[in-house]
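This report refers to the structure that appears directly beneath it.
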Amino acid sequence: MMKIEELKFDERGLIPAVVQDIRTQQVLTLAYMNSESLRRTLETRESWFWSRSRGELWHKGETSGNTQRVVEVIADCDNDAVTVLVEPNGPACHTGAQSCFHHHLLASDAAQKSASLDLTEVLEGLYALIAKRKEQRPPDSYTSYLFNEGLDKILKKVGEEATETIVAAKNEDLESLANESADLLYHLLVLWVEQGLTFDDVRETLLNRRK
């Protein structure tokens, strides 16, 4: 395990930090840390950065509530940049977007295709990915972490996300409601895969009720 002192901060005492959602691998933002903000991040397990514009430390989510629970911090091969793997509690971007990176200069075929998918296709694709994660258990996957922890952990996360969805609705915050609903659906699908429940099972139940 390396120490903060082994990192190579620039002439301003800063190091770039790439913040990434550990569940989806999505890059959420690029920020900067000094030794103090990195130390606080490691101690509190929540992300702290150095604001170059304000010239001060800032705790992500301190005013917005969109905190980030830090799971892992990894330095690159030159020790002059870090990746911060987090569980985000709400959007990362000040605009309300999930990620700060959302303006395409060039969109892949997959990105263009995903924009045209309906919700059913998205959920079924996510279910298939979760099932693959359960089978393969890649070590850097949040989904693998949930399966490794077992049913109780998965149920706890479903309960937490359900509560956060309720709070978002109570606050009449549609952006937050969309994000919390997405988190709830993801964890619910993890539970389905863990229990062996399929879309066909749920679809049949809904159709029977409709009849």
Quick check: the angle from helix 151-170's long axis to the longest principal axis of the chain, C-alpha only, nearest 10 degrees? 90
So, how do all the Cα-to-Cα distances of region 8-88 break down into 5 Å bins, in percent, from 0 on up? 3, 16, 29, 28, 17, 6, 1
Of 184-193, 6-15, ordering from highest average Cβ density within 10 Å down gives 184-193, 6-15
Which value in nm describes the separation of the simple spin-label points at Q25 and A162, placed 7 Å from the Cα toward the beta carbon? 3.1
Taking just the C-alpha trace of the chain, give me its Rg and Dmax in Å. 19.1, 70
Helix 174-195: inclination vs the chain longest Cα principal axis, degrees, rounded to 10, gives 60
Set K156/K211; K134/K156; K132/K153 screened for pairs whose C-alpha atoms are more than 26 Å apart: K156/K211
Taking only DSSP H segments of four or more residues, each worth -39500 (n - 2.57), what value at 222 nm results for the chain once the sum is divided by all its residues, to the nearest 500 deg cm²/dmol? -14500 deg cm²/dmol
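Test of understanding: what is the full-extension gain from N79 to D173, defined as 0.36 nm times their sequence separation minus their Cα-Cα distance? Write down the numbers at each step before the final one.
Details: separation 94, 0.36 × 94 = 33.84 nm, distance 4.03 nm.
Roughly 29.8 nm would be gained on extension.
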Quick calc, L123 & H59: beta-carbon distance into FRET formula, R0 35 Å, rounding 0.05, result 0.55
How far is helix 199-210 tilted, in degrees, relative to the longest principal axis of the Cα atoms in the chain, given as a value from 0 to 90 rounded to the nearest 10? 50
For region 109-204, just the Cα atoms, rotate onto the principal axes and tell me the three extents in Å, largest first. 39, 37, 34
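No lab work stands behind these numbers, since they all come straight from the coordinates. Not measured: the values here are computed from a predicted model. Ideal geometry is used to build each Cβ from the backbone, glycine not excepted, and the neighbour counts take in all protein chains shown.
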